Amino acid sequence: MSEESKIIKEFTSKEYEHGWSVNLEADEAPIGINDDIIKFISKKKEEPRWLLEWRLEAFQIFKKMEEPDWANLNYPKIDFQKIKYYSAPKQKKSPKSLNDVDPELIKTFNRLGISLNEQKKLTGVAVDAVIDSVSVATTFKDKLLELGIIFCSFSEAVKEHPKLVKKYLGTVIPRNDNYFSALNSAVFTDGSFCYIPKGIRCPMELSTYFRINAANTGQFERTLIIAEDSSYVSYLEGCTAPMRDENQLHAAVVEIFAAKNAEVKYSTVQNWYPGDENGKGGIYNFVTKRGICFGNNSKISWTQVETGSAVTWKYPSCILKGDNSVGEFYSVAVTNNYQQADTGSKMIHIGKNSKSKIISKGISAGFSQNSYRGQVKIMKRAKNSRNFSQCDSLLLGNKCGAHTFPYIDVENKSSLVEHEATTSKIGEDQIFYCLQRGIDEENAIALIVNGYAKEVLKQLPMEFSVEAQKLLSLTLEGSVG
Amino acid sequence: MLSIKKLKVSIENNLILKGLNLEIKNGEVHAIMGPNGSGKSTLASVIAGNDNYKIESGSISFFGKNINNFSPDERAMMGIFLAFQYPVEIPGVSTINFIKTALNRIREFNKKKPLDAVGFLNTMKKKMNLVKIDRDLLSRSINEGFSGGEKKRNEIFQMAMLEPKLSILDETDSGLDIDALKIVSNGVNKLRTKDNSTIVVTHYQRLLDYIIPDYVHVLIDGKIVKSGNKDLALELENKGYDWL
Amino acid sequence: MFKSDSLTLDSKKIKDFINKESNPFLKKSRNNFLKKLGEKKFNIKEEYKYTPLKQSLEKKFSLEFKIDKNIPSNIEKKILPYIVNDNSVYQIITLDGKIIKKFSNIPSKISFKNFEELDKKEKKILHQYFGENDDSDSDVFSALNGVLWSKGLFIYIKKNQIVDNPIIINNFYTSERNIFSSQLRNFIFMEKNSKLSICELDCALASNNFNSNVTEIILEERSELDYFKIQNDKNNSTSFNSTNIKQKRNSISNTFTFSFSGDMIRNNLNISLIDESCYCNMYGIYALNDDSHVDNHTSVDHIQKNSISNEHYKGIMNGNSNGVFNGKIFVRKEAQKTNAFQSNNNIILSDNAKINTKPQLEIWADDVKCSHGCTTGQLDENAIFYLQSRGINKDKAVSILINAFFDEIIQKINQNIIKDKVHKILSSKIESYLNEH
């Protein structure tokens, strides 16, 4: 057993890989939030009047709301006046093509393993790269446009496709949905926009890569995905941030709209800087993600691998409005050191024969606290609906905590809801079995943890899955016993 | 190969092995028999290095090296293999991936190059026949949802893959019907060489009809009370353990 | 003035009430509870998420204190049918908490009395433990009860004492309309190696009854308690209950909570395993119809290592009824080698019935086995069809299946007389379901 604690020690000393920052010359807003800052952002983005008003109203809503305190999270109160709401790497002019993108930026992304060069390796994936507040490059745009698929930065969408933006913005997640969605609605700066027309299967993975670079800056991106009738898209999201002593706020909003027979798969590998081994620094990650299965037979599937952030507050959800619609949530959340995660999903069944599945695997190590919080609600109308939830927690060491808070509300007699949860540690017999076959303890643990999370990892697209497995082993390396 | 001297072992302050001696040379098959609770499985676990058991005194040497303080994986790399009485299930970890990780670690220890995917698959195909194990089974999570017989065959298959110097079969016959028993024994026999040794831990004589031992030892209350050749096993079958 | 949602109490009346308390210890205790009320640390929003207090209290709640009187003859008439002559049980009758000795058969060798009758030793125990073991820090009604309780039972089982027969307490509530005098506070103290089976049956004789019942139980080393609570109140009564058990080393508790009707029933069951190697079983059945609302909030707190907890609640909702289940399991850092299991199964029979369930695990120790499972569904149509195809009519088939659903729990009851009682109530309940179908 002392072996165990030794390994836990080793593990917790593992360093964050993406903790460097670069000196990018930036165009910034002054610190703090007020109407003028919002006007400043809107002006920088050359937005239409309606959007500015929409933002200002959101700010009014935000001011009237209170920061939620129901999550199992413990962090000092955020001073919203000490955050910078806009920071954009200075570029000569907005780039017309990748050739115009600042080579320093391209280098930054190359260092993260994200190639913005279309000729290079990531041929199966189109990338929208967002640094701090703005999107700096989107690849394969033209090729996608041939199919009628719009994939661009949110700012660009506001300019080029204002009707679509106006029609869908805030419909899945209204401004007053919660404290952080209100804040995001007021100050969001960029993000990705994606529109798949009727009957089109998007031929490649679409992906957004988020990077916080500037100090004292919050990132408030906004993503909107619209899948028209019988379309399909798989979307990936990745994120990292430099190591900084102070906490940085990330409050994103992702809205997904799925029309009749449409299918959207949204995968996240969240690797924001988690703070150091003493819990200093790290990203506060307050994210609202929700999709609506609006049409009959539509499907939205969330997959997330959460390894980063000091504090995570995130509940990707599905509103299953269409009959026979399907919602899925697959999650692996790993916390180590002093990280805290309160994450899970909501499945709101409105349509008949709607089905949902929640598979959540929590892994806590170090001094971390890891909570699953979820809701399954079967409304009266949702006859013959089904839900299956499985929430497992794995504890590594006895200084961390694992918590499960599922809410199950059923309002009709023809539906079936099943929920299971277990908490355990890695079996000593499992480790001994591996050791007896010549596998050392660290590898044994990595093997067992990856096996434990496999049901979720296999949902990820190939390249992401390999990445996620590595990340999982890395985050936990040495920390398990 | 293996030399155990005056071994005393306890678990939670209960002395289980009370001064046990055992010598095994290259190429030999030794059967350890004894009634329930005599310490047979403890012996198997202790040789493999399970740290739930505490060695109070005495020594276990493997090729002349005292391995009392060696970790289970070090012993495995040196060539000790334990076929578990109750093979452990590890959800989500495919058997193939598991064996590949183990095999390459052992190869690395023996200063051999790791096997690539093709090399591994070829070796695997050959060994699969030995124990008539299904390819599909190997793609599934280790032992998860396997029947009793499948688990035991999987153990022998892993033994075939890892080519240990000393194999310990802990009650491998328990829970097997006669056909499965034949398949498993056949596998074990085919893997016998003049260099490899085997310890067969069993409660019943039945298994020894198929895996013929060179020596039979009777373990009662933590000590070997009688040793002999295979006839001793038959005698035990007829008379039970009480006459000893 | 104290306010919680719509519950409003007059602070002067409360002070007057406390001042009437003649026992200085209890007076102090009441004031302590009053302080807790004043601090308002209760998380009403979360803890009463599915049991909106407004609705259940608004129309009925007022503060009025009742003084004990002799039993009016009309009440006595109502009680008589309940009294059984069975030598294999100790039967106790209470009226708004007061033991009615002429109808009661109190076991002679144990302390079983109202608080005002305590002797010196009993007082000593009371002073040491009373008021410290309930959930008044988190539940507003338990705190309120601590201030305003009017009667209660003091039960003290001495070392090595084994109470041979089960004690069945019939609690009758006479008060109409929200009278706080139906606030009872019981205290059970079991010394080492003692054994007791106790069953409380609540029965409101008047309509619109409001009662609140808080019980504190302390189990010393190796003691063993079976505790049954059977609620079959009139449909329009409101009841807030809180049972709190503290267990010491190697003690065993088996609790059973049966709720069959009631306008608004809230049952808190809190078990604290404060020592090593404790064992607790928590079983519950709720079978509801009409507008019944039953909310079971349970928590088991594993504080030290090697304890086992096992919880199983099952419910059927019919009519417009609403079932709520919230089961919390806590496993503290020191509580290694804990085994904690929880399961909650629900069947909804009608389109207007609802179930809200929240099984909750909070774990801070790594070497543990904890799990919870929860299902909500309907009676198996295939099973009904199968039975029908064997010549059983549909009603009978449904009744067989509902009985089978609950049987798992009923079989755990180790006292035949109680098993029979529960069976009887359940059968009539099932019959009423069938009539509605």
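The values are calculated or read from the model by the stated rules, or taken from the named source; none is laboratory data. These numbers come from a predicted model, not from an experiment. Using ideal geometry, Cβ is built from the backbone for each residue, glycine included, and neighbour counts are taken over all protein chains shown. Quick note on the areas: whole protein, heavy atoms, side chains included, nothing else; ligands and nucleic acids left out. Shrake-Rupley method; radii C 1.70, N 1.55, O 1.52, S 1.80 Å.
Before we move on, is residue C:349 under 21 Å from residue C:406 (Cβ atoms), assigned by TED's automatic domain parsing to the domain that holds residue C:411 and open to solvent by less than 40 Å² (accessible area, probe 1.4 Å)?
So residue C:349 does not fit the description; no.
How many residues are open to solvent by less than 60 Å² (accessible area, probe 1.4 Å) and more than 14 Å from residue A:226 (Cα to Cα) when one looks only at the range A:163-176? So that I can check it myself, show each step before the final result.
The first filter runs over the range A:163-176 and keeps only residues open to solvent by less than 60 Å² (accessible area, probe 1.4 Å), leaving A:164-165, A:168-170, A:172-175.
Cutting the leftovers down to more than 14 Å from residue A:226 (Cα to Cα) gives us A:174-175.
Of the residues in the range A:163-176, 2 are open to solvent by less than 60 Å² (accessible area, probe 1.4 Å) and more than 14 Å from residue A:226 (Cα to Cα).
Pairs only if they're at least six apart or on different chains, beta carbon under 8 angstrom, first in the range B:41-61 and farther than 12 Å from residue B:84 by Cα, second surrounded by fewer than 19 Cβ atoms within 10 Å (Cβ to Cβ) and β-branched (Val, Ile, Thr); list them, first residue then second.
Here the result reads B:46/B:55; B:49/B:67; B:52/B:11; B:53/B:11; B:54/B:11; B:60/B:67; B:61/B:67, each pair linking the range B:41-61 to a residue that is surrounded by fewer than 19 Cβ atoms within 10 Å (Cβ to Cβ) and β-branched (Val, Ile, Thr).
Restricting to strands (runs of 3 or more DSSP E) lying wholly in the range B:148-244: which have 1 or more residues that are among the hydroxyl-bearing types (Ser, Thr, Tyr) and either over 22 Å from residue B:24 (Cα atoms) or in contact (Cβ under 8 Å) with a residue 24 or more places away in the chain (or both)?
B:166-170, B:197-202, B:215-220
Given (1) touching a residue at least 40 places away in the same chain (Cβ under 8 Å); (2) assigned to a loop (DSSP other than H, G, I, E, B); (3) touching a Gly at 6+ places or on another chain (Cβ under 6 Å), where does residue A:230 come up short, assuming only one miss?
(1)
Give the range C:333-358 a look and list any residue that's within 10 Å of chain A (Cβ to nearest Cβ) and of a type in the set (Lys, Arg), or say none.
Across the range C:333-358, the qualifying residues are C:333, C:354, C:358.
Would you tally the residues in the range C:405-426 being without any contact (Cβ under 8 Å) to a residue 24 or more places away in the chain, polar (S, T, N, Q) and either in contact with a Pro (Cβ under 8 Å, 6 or more places away or on another chain) or part of a helix (DSSP H, G or I) (or both)?
1
From the list A:433, A:372, A:407, pick out the single residue that is farther than 19 Å from residue A:471 by Cα and at the interface with chain B (Cβ under 10 Å from one of its Cβ atoms).
A:433
Which members of the range B:88-112 meet the condition of being under 20 Å from the mean Cα position of the chain (by Cα), open to solvent by less than 20 Å² (accessible area, probe 1.4 Å) and within 26 Å of residue A:392 (Cβ to Cβ)?
Hits for the range B:88-112 are B:88, B:90, B:95, B:98, B:99, B:102.
Take the residues in the range B:113-133 that are over 15 Å from residue B:160 (Cβ atoms) and either away from chain A (no Cβ under 14 Å) or of a type in the set (Val, Ile, Thr) (or both), then tell me which one is surrounded by the most Cβ atoms within 10 Å (Cβ to Cβ).
Going through the range B:113-133, the residues over 15 Å from residue B:160 (Cβ atoms) turn out to be B:113-114, B:116-119.
Then drop every residue that is not either away from chain A (no Cβ under 14 Å) or of a type in the set (Val, Ile, Thr) (or both), which leaves B:113, B:116-119.
On the way: B:113: 9, B:116: 9, B:117: 8, B:118: 8, B:119: 11.
Per the criteria, the residue is B:119.
How many of the residues in the range C:369-393 are within 11 Å of chain A (Cβ to nearest Cβ) and either at pLDDT 90 or above or not in a helix (DSSP H, G or I) (or both)? Full working, then the answer.
Keep residues of the range C:369-393 that are within 11 Å of chain A (Cβ to nearest Cβ), which gives C:369-381.
Those still in the list that are either at pLDDT 90 or above or not in a helix (DSSP H, G or I) (or both) too: C:369-380.
Total satisfying the criteria: 12.
Among the residues of the range C:303-331, what is the count of those that are in a strand (DSSP E or B) and more than 12 Å from chain A (Cβ to nearest Cβ)?
Result for the range C:303-331: 7.
Condition check ((1) at the interface with chain B (Cβ under 7 Å from one of its Cβ atoms); (2) open to solvent by less than 20 Å² (accessible area, probe 1.4 Å); (3) more than 27 Å from the chain's Cα centre (by Cα)) across all residues:
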position	(1), (2), (3)
A:401	no, yes, no
A:426	no, yes, yes
A:429	yes, no, yes
A:444	no, yes, yes
A:454	yes, no, no
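May I ask you to verify whether residue C:402 is more than 7 Å from every other protein chain (Cβ to nearest Cβ), free of Cβ contacts under 8 Å to residues at least 24 places away in the same chain and aliphatic (A, V, I, L, M)?
Values: more than 7 Å from every other protein chain (Cβ to nearest Cβ): yes; free of Cβ contacts under 8 Å to residues at least 24 places away in the same chain: no; aliphatic (A, V, I, L, M): yes.
No; evaluated as a whole, the condition is false for this residue.
Which members of the range A:256-293 meet the condition of being among the β-branched types (Val, Ile, Thr) and either under 17 Å from residue A:78 (Cα atoms) or without any contact (Cβ under 8 Å) to a residue 12 or more places away in the chain (or both)?
Narrowing the range A:256-293 to residues among the β-branched types (Val, Ile, Thr): A:256, A:264, A:268-269, A:283, A:287-288, A:292.
Across the range A:256-293, the qualifying residues are A:283, A:287.
Report yes if some residue within the range C:302-316 is open to solvent by 10 Å² or more (accessible area, probe 1.4 Å) and hydroxyl-bearing (Ser, Thr, Tyr); otherwise report no.
no
Would you mind stating whether residue C:356 is open to solvent by 20 Å² or more (accessible area, probe 1.4 Å), part of a strand (DSSP E or B), touching a strand residue (DSSP E or B) at 6+ places or on another chain (Cβ under 7 Å) and not assigned by TED's automatic domain parsing to the domain that holds residue C:196? Full working, then the answer.
On the way: open to solvent by 20 Å² or more (accessible area, probe 1.4 Å): no; part of a strand (DSSP E or B): yes; touching a strand residue (DSSP E or B) at 6+ places or on another chain (Cβ under 7 Å): yes; not assigned by TED's automatic domain parsing to the domain that holds residue C:196: yes.
The answer is no for residue C:356.
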